[in-house]
Structure formats: structure tokens, C-alpha cells
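Colleague: This is the structure I have questions about; it appears just below.
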Amino acid sequence: TSAALTLLGGSVAAVVVWKWLGKKMIQKKMEEARKTRDEGLKKMAKAVQQFREQVPSVQTDAILSLPLLELTERLQEGSLSPKTVLYTYLEKVGALEVNQQTNCLRHFIPECEEQLQEIQRQKEKGLLYGVPVSIKDHIGHKGHLTTCGLVQHLDTLMKEDSVLVRVLKRQGAIPFAMTNVPQSLFSYDCSNPIFGQTLNPLNHQKSPGGSSGGEGALIAGGGSILGIGSDIGGSIRLPSSFCGLCGLKPTAERLRWMVWHIHLLNVGLCSCPIPVPCAVGPMARDVDSLALCMRALLCEEMFRLDPAVPPIPFNGEVYCSSTPLRVGYYDTDGYFPLPPCMRRAVKETRRALQAAGHQLVPFSPPRIPYVMTELFMKTFFADGGRAWLDVLAGDIIDPSLKPQVNSCKTPRLVKKMLALLLKPLVIPPPLKDVAMISTCRSLKEMWDHHHQIQAYRSEFITRWKELHLDVVLCPVLGPAFTTGYPGKLLTAISSTMLYNVLNFPAGVVPVSTVTEADEEELKLYQGCCDDHWDRKLKQAVSGAVGMPVAVQCVALPWQEELCLRFMKEVETLSREK
């Protein structure tokens with residue numbers, strides 16, 4: 001007996017030591033990653049200082065204030081040099097503390113200086129000649145990591161540029177920074193255990209949104225003029241909403257961002273072969289910048305590098321059209337009622353569009369609670385979250401993900417019992433807890449699930465066509481949440497999630513800011529049933545006076561140009577107001 005107890009004690013001690021060593025190794029890897037980032041930022045600061053000594057008379061503020069279209073014009077005609085523009089933005093990121101204030105950068109790309117030389121050797125100036133561009137962490141750049149905020153990805157450097165980066169470079173752009181993301185990309189906050197929490201530059205108590213939160217913070221802070229994000233549930237549109245930017249989620253297949261041979265799990269959730277696809281798209285200060293970026297990316301080089309991308313060049317005629325539009329609209333989807341200011345934004349925009357000669361038609365998206373729980377969430381938790389937990393295995397879990405991780409770890413039997421016990425309490429109010437979402441228990445169920453998504457898309461398009469709509473105006477989640485709250489309200493993203501399930505192009509445009517009156521009205525907000533979730537949402541968005549308020553613009557698949565044209569109309573009317 002004593003021998004058995006000794007053996008057991010030794011085994012327990014060995015396990016404890018093994019776990020301790022594993023944790024120490026993780027801590028060491030994270031420290032090394034942070035050290036590498038800091039050294040890169042120091043290198044950036046040194047390069048900026050050397051440039052400043054050579055060219056002391058640069059009008060920094062004048063360059064930073066230029067809209068992208070005007071900047072590209074100056075670069076093309078030669079009245080501004082790519083070097084001056086690049087170092088002006090590098091200085092804004094480093095010396096003027098955008099990154100120090102918000103922690104938005106994951107890494108500086110020192111190869112930007114090589115690209116600066118390369119574009120001067122190109123025979124023709126591309127559409128983005130000399131434009132500094134920031135890219136989201138998981139968009140592959142040769143010689144750099146694609147971490148997705150995961151320690152297990154700190155060992156593998158990309159061997160080549162992703163398709164999207166290659167096209168950007170061919171068009172003369174200069175990728176200069178990779179931006180921070182939430183751990184595993186599965187959050188609309190922006191925090192991971194390696195590089196920490198990114199803050200909203202407009203209010204440091206608020207989140208910049210996610211998962212393209214580093215992009216949102218960098219562009220809103222003035223440190224980048226054009227960024228590339230990705231979106232699988234709102235990850236371009238939510239940071240755009242929270243940070244007061246314009247952002248476009250195209251039809252997923254319209255652009256390609258991966259290197260063909262990347263192993264799926266090496267880039268996190270965004271590349272998984274699932275029926276709700278990940279889209280990559282631009283983020284910027286205005287709609288014209290998004291249109292220019294799409295025009296540049298939808299070129300022969302993109303179609304040559306990836307034959308799976310349909311060879312559909314950007315249709316400038318559609319974007320520049322002034323034909324009156326037939327616009328469907330709604331200010332709530334009936335699942336997660338949004339704060340008063342977001343609904344006000346839709347109503348004011350609807351009135352402005354009507355006054356400008358467009359035809360406005362009430363539109364009601366069908367069965368959103370069903371879409372959220374049975375289609376969207378079931379896509380990611382079809383296996384009860386096991387694949388996601390495998391991605392996180394061996395990592396320190398970020399606090400923002402702990403509610404979802406704990407839900408996934410709840411045994412299936414316990415989930416079933418909870419679902420039975422809570423069903424009377426959550427019907428008719430929509431089911432909002434990840435722990436309650438059912439899984440696919442067989443291959444047949446999974447095929448049925450895929451079919452249900454296709455059937456819903458057909459139902460939605462039929463309703464759209466019956467009303468003869470061109471586009472739809474609707475709300476987007478906002479204003480910016482206080483940091484830490486997105487992880488507690490995963491299912492609040494129904495407004496953006498819907499258009500990932502449908503795979504429709506959708507964009508966000510800021511149209512207003514939160515007023516004192518909005519804040520007063522928020523005190524009366526009860527959501528759909530004044531439950532725990534509604535009260536959490538109320539807490540998340542409070543204290544946001546002065547923060548951006550946006551709307552969402554949607555078009556049918558492959559009609560990015562029409563979506564952008566509608567966004568431009570909304571932007572013009574809001575600026576006139």
C-alpha cells in the first residue's frame with residue numbers, strides 16, 4: 001500500500017512539475033515575442049529619427065490630414081515622395097504614441113523599406129503607389145508570424161507573402177505594420193495573452209472592437225490611412241462602428257487573402273472550410289478609400305495568382321452612378337435590440353435618403369433568433385466547440401474568452417439539463433447563451449445544417465426580390481463597448497452576423513455621435529425582455545457620449561460596387577447634415 005501511495009504521489013508530483021514547466025515555456029515564448037515586437041518598434045523609431053535629420057522640414061500634419069484619394073494623386077504626380085509619406089506615418093505610429101496609447105501594433109514590418117525601393121523600380125505606378133498600408137495579424141507577410149494571438153503560432157514564420165499582400169505590393173502599396181487581434185480571432189474585443197489589450201483611441205475605457213481591432217485603433221488614431229481586416233461575424237464592421245471608420249465586408253469569394261498551401265489551423269478560425277465563410281476587406285476613414293482599395297485589388301494580378309477568385313474587375317460605373325435607389329430598411333432585428341442611439345441613426349439616415357429622392361421600403365429580415373442559434377452559432381459549435389478548444393490547447397486563456405471556453409467545457413448532459421430547465425424562462429425571448437446551443441450529433445445532421453443555411457439564403461433573397469430592393473439600410477452593433485464586455489455578450493452580434501450567414505456584401509458608415517440625450521434614453525432601455533443579457537448590453541455601452549454612431553449598408557452577393565455606392569450616398573448625406 002505504501003509503495004502504491006508513493007507511486008501515486010510521485011505521479012502527481014510529476015504532473016505538477018510537467019504543467020509548471022509547460023507554463024514556464026509558454027511565458028518564455030510570450031516574453032520573447034514581446035521583446036521581438038519592442039525591438040522592431042525601436043528600429044522603426046530609429047529609422048524615423050534618421051529620416052527627420054535628413055529632411056527636417058516635412059509638413060507632417062498636412063500629409064496626415066490628406067484623404068487617400070488626394071494622397072494618391074500627390075504621390076502619382078510626384079509632389080509627394082513615397083519615402084516622405086511612409087516616414088510621416090511611421091512617426092505618427094511611433095513617436096507620436098498611437099501605439100503607446102492604444103497597443104494596436106503586433107509588429108512593425110521592416111521590409112517596408114525594401115518595398116519602398118522596389119516600387120521605384122516598377123515600370124508603371126500602381127493605383128496604390130506609395131501608400132502605407134497596415135494589415136491584420138493573420139494576413140500572411142513573408143518572414144513574419146501569423147499568430148492569431150496564440151502561443152502555438154509563435155514558432156512559424158511565413159515563407160511567402162499571401163495573395164493579398166502580393167497584389168497590394170504589385171499596386172505599389174507599402175505594407176508597414178501588422179496589427180493586434182483577439183486570441184484565436186473569436187471575439188469582438190481585441191485582447192490576447194501575448195500582446196495584451198488594444199484600446200479605442202477615441203476613449204481608452206472602450207474597446208476598439210474585433211477581431212480587426214488593431215486595425216480599427218491604428219486607423220482611427222491616425223497611424224494608418226488604409227488597412228486590411230477580415231470578417232466572419234462582424235470583424236471588420238464592428239471595429240469600424242466602434243472606432244468611427246468606414247469598413248467593407250465583401251462577398252467572401254471576391255478577394256483572396258491566404259497563401260494556397262497554408263495549413264488550415266495555422267491561421268485560426270478564419271480559414272476553416274465552413275458554410276459561413278470568412279471575408280477579407282478594407283477599412284479606412286472614408287468610402288472613397290474603400291472603393292479605391294477594391295479597384296486596386298480586383299486586378300489581373302489577383303485573378304492570375306488565384307484562379308478561384310472570379311475575374312470580375314471593379315465596376316466604376318456602378319460606384320459613380322447617381323440613379324435613385326430602392327432601399328429596404330429596419331432598425332431592429334428582433335433578437336438583440338440595440339441601444340437608442342443606433343436606432344436613431346437608422347431613422348435619421350432613412351429620412352435623409354428619402355429627402356434626397358430615394359425610395360424607402362420597410363423590410364423585416366426573417367427569423368433572426370433561428371439564424372443566430374441554429375445557423376450561425378451552430379456552425380462554430382457544431383462539435384460542441386471541441387475544435388476551437390483544440391486550437392486553444394496549451395495556451396493561457398485570455399479573460400475575454402473565458403465565458404465561451406467554460407461554456408464549451410460544460411458536459412453535454414449538463415447542457416441538455418440546463419436547456420430543459422431554462423427553456424420556459426427563455427421562450428419567447430431569444431436564446432442568448434452559447435452553453436445552450438445544440439450541436440450536430442451526426443454527419444447527416446451536419447449536412448442538414450448546411451442545407452438549412454442554403455434554404456435560408458434562398459428565403460431571404462426571395463423576400464428581397466419581392467420588394468424589388470436595390471440595397472438595405474440597417475443597424476450595426478454599437479456604440480463602442482467598455483473593454484471586457486464583448487466576451488460577456490458574444491451573441492449580441494446578430495446585426496452583423498446575419499450578412500456572414502447570407503454571404504452578402506455589407507459595409508459600415510459613421511453618421512453621428514452619441515449625445516447626452518441618447519445617454520439619458522439609454523437609462524430607460526430594457527432590450528427585448530430586460531433580462532441579464534439586456535442589462536449587460538446597457539452596461540457595456542454606457543458612458544459613450546461623443547463616441548461614433550454608425551449604420552450598416554447591404555447589397556446582394558457580388559454587388560460590392562453597389563454597396564459602396566450606397567455607403568457613399570449615406571456618407572455624403574450625413575456630412576451635409
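The values are calculated or read from the model by the stated rules, or taken from the named source; none is laboratory data. Small disclaimer: the values here were computed from a predicted structure and weren't measured. A quick note on method: Cβ atoms are made from the backbone with ideal geometry, for glycine too, and the neighbour counts reach across all protein chains shown. Just so you know, the surface numbers come from the protein's heavy atoms only, side chains and all, with ligands and any DNA or RNA stripped out. Shrake-Rupley method; radii C 1.70, N 1.55, O 1.52, S 1.80 Å.
Colleague: Once both labels are modelled 7 Å past Cα along the beta-carbon direction, what's the ASP155-LEU467 spacing in nm?
Modeller: The two pseudo-label positions are separated by 5.3 nm.
Colleague: For ASP398, what accessible area in Å² do you get when you roll a 1.4 Å probe over the heavy atoms of the protein chains, rounding to the nearest 10?
Modeller: Probe radius 1.4 Å; accessible area of ASP398 about 10 Å².
Colleague: Going by Cα centres, region 545-570 and region 196-219 are how many Å apart?
Modeller: Using only Cα atoms, the two centres lie 21 Å from each other.
Colleague: Just want the answer: with Cβ charges of +1 for Lys and Arg and -1 for Asp and Glu, which residue in ILE174, PHE376, GLY214 is farthest toward the dipole's positive end in the chain?
Modeller: Of the options given, the answer is PHE376.
Colleague: Of all alpha-carbon pairs in region 519-577, indicate the percentage at a distance above 15 angstrom.
Modeller: 65 percent
Colleague: Could I ask something else about it? Determine the principal axes of the Cα atoms in region 81-231, then give the extent along each, sorted from largest to smallest and rounded to whole angstroms.
Modeller: Result, largest extent first: 46, 32, 24 Å.
Colleague: Go through SER407, ILE453, PRO282 and say which Cα lies farthest out towards the positive end of the charge dipole of the chain; charges sit on Cβ, +1 for Lys and Arg, -1 for Asp and Glu.
Modeller: The residue sitting farthest along the positive end of the dipole is SER407.
Colleague: Determine the relative contact order of region 428-544: mean sequence separation of Cα pairs under 8 Å and six or more apart, normalised by residue count, in whole percent.
Modeller: That works out to 33 percent.
Colleague: Show me 169-180, 402-413 ranked by packing, highest mean number of other Cβ atoms within 10 Å first.
Modeller: Most protected by this proxy first, the peptides run 169-180, 402-413.
Colleague: How big is the antiparallel share of DSSP beta bridges in the chain, given as a percent to the nearest 5?
Modeller: Bridges in the chain that DSSP calls antiparallel: roughly 70 percent.
Colleague: When only Cα pairs under 8 Å and 6 or more residues apart are kept, what is the percent relative contact order across the chain?
Modeller: Computed over the chain, the figure is 15 percent.
Colleague: Over the chain, what portion of Cα pair distances is larger than 46 Å, expressed as a whole percent?
Modeller: 13 percent
Colleague: In what order, largest first, do GLU301, GLU111, GLU118 sit by accessible area if the probe radius is 1.4 Å? Before the final figure, lay out each step's value.
Modeller: Values: GLU301 25, GLU111 50, GLU118 75 Å².
The ordering from most to least exposed comes out as GLU118, GLU111, GLU301.
Colleague: Continuing with the same structure: Could you run the Debye sum over the Cα atoms of region 62-132, one equal point scatterer each and no solvent, and tell me log10 of I(q)/I(0) at q = 0.24 Å⁻¹, two decimals?
Modeller: So the normalised log intensities work out to -1.14.
Colleague: Treat each spin label as a single point 7 Å out from the Cα along the C-beta direction, and report the SER57 to ILE396 distance in nm.
Modeller: Once both label points are built, they end up 5.1 nm from each other.
Colleague: May I ask which of LYS24/LYS409; LYS42/LYS169; LYS28/LYS409; LYS378/LYS409; LYS28/LYS159 have a Cα-Cα span longer than 21 Å here?
Modeller: LYS24/LYS409; LYS42/LYS169; LYS28/LYS409; LYS28/LYS159
Colleague: Given 10 Å bins starting at zero, what is the percent of C-alpha pairs of region 451-501 in each, up to the one with the largest pair distance?
Modeller: The percentages, shortest bin first, are 19, 40, 26, 14, 1.
Colleague: Pull out a ≥ b ≥ c, the square roots of the eigenvalues of the alpha-carbon gyration tensor of region 324-425, then state rounded if a/c is under 1.5, prolate if not and a/b is larger than b/c, and oblate in the remaining case. The partial results should precede the final answer.
Modeller: Values: a/c = 2.99, a/b = 2.28, b/c = 1.31.
Prolate.
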